[in-house]
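Below is one structure, written out as structure tokens; comments come after it.
The values are calculated or read from the model by the stated rules, or taken from the named source; none is laboratory data. No experiment lies behind these values; they were computed from the predicted model shown. Reconstructed Cβ throughout: ideal geometry from the backbone, glycine too, with neighbour counts over all protein chains shown.
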Amino acid sequence: MHTSMSKAARVTVTLDPQVAAWAREAADRQNRSLSSVINAALRTTLVHESLTALVIDEEAELAAAYDDVRLTQAAERDAGGAA
């Protein structure tokens with residue numbers, strides 16, 4: 001389900017000169033607005049950080065991998081191949 005975003009918020013941010021130059025260069029290269037480039041960069045970073053903060057259940061990962069191997073071997077046997 002896609003929910004529409006609320007009206008954009010206007011925010012004033014002071015960027016380091018080098019960061020501002022990189023953002024302007026990226027906007028020019030991509031033929032996009034500076035706001036669009038900064039929004040995309042923030043979105044990418046925030047998603048990456050939220051994903052890296054996820055706790056991985058190693059035992060569950062190993063069990064899932066084992067199940068995948070068993071299913072593949074069973075499918076090969078059913079297809080007449082060697083497992």
**Message:** Quick check on my filter: what residues within segment 37-81 are at pLDDT 85 or above, among the polar types (S, T, N, Q) and either within 30 Å of ALA21 (Cα to Cα) or touching a Pro at 6+ places or on another chain (Cβ under 7 Å) (or both)?
**Reply:** ASN39, THR44, THR45, SER50
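Listed residues ARG43, ARG29, ARG10, ARG77; which is assigned to a helix (DSSP H, G or I), surrounded by fewer than 10 Cβ atoms within 10 Å (Cβ to Cβ) and of a type outside the set (Val, Ile, Thr)?
Working: ARG43 fails: surrounded by fewer than 10 Cβ atoms within 10 Å (Cβ to Cβ); ARG10 fails: assigned to a helix (DSSP H, G or I); ARG77 fails: surrounded by fewer than 10 Cβ atoms within 10 Å (Cβ to Cβ).
Just a single option satisfies the conditions, and that option is ARG29.
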**Item:** Considering residues of segment 52-64 that are loosely packed, with under 10 Cβ neighbours inside 10 Å and in a helix (DSSP H, G or I) only, the residue nearest to the chain's Cα centre (by Cα)
**Value:** THR52
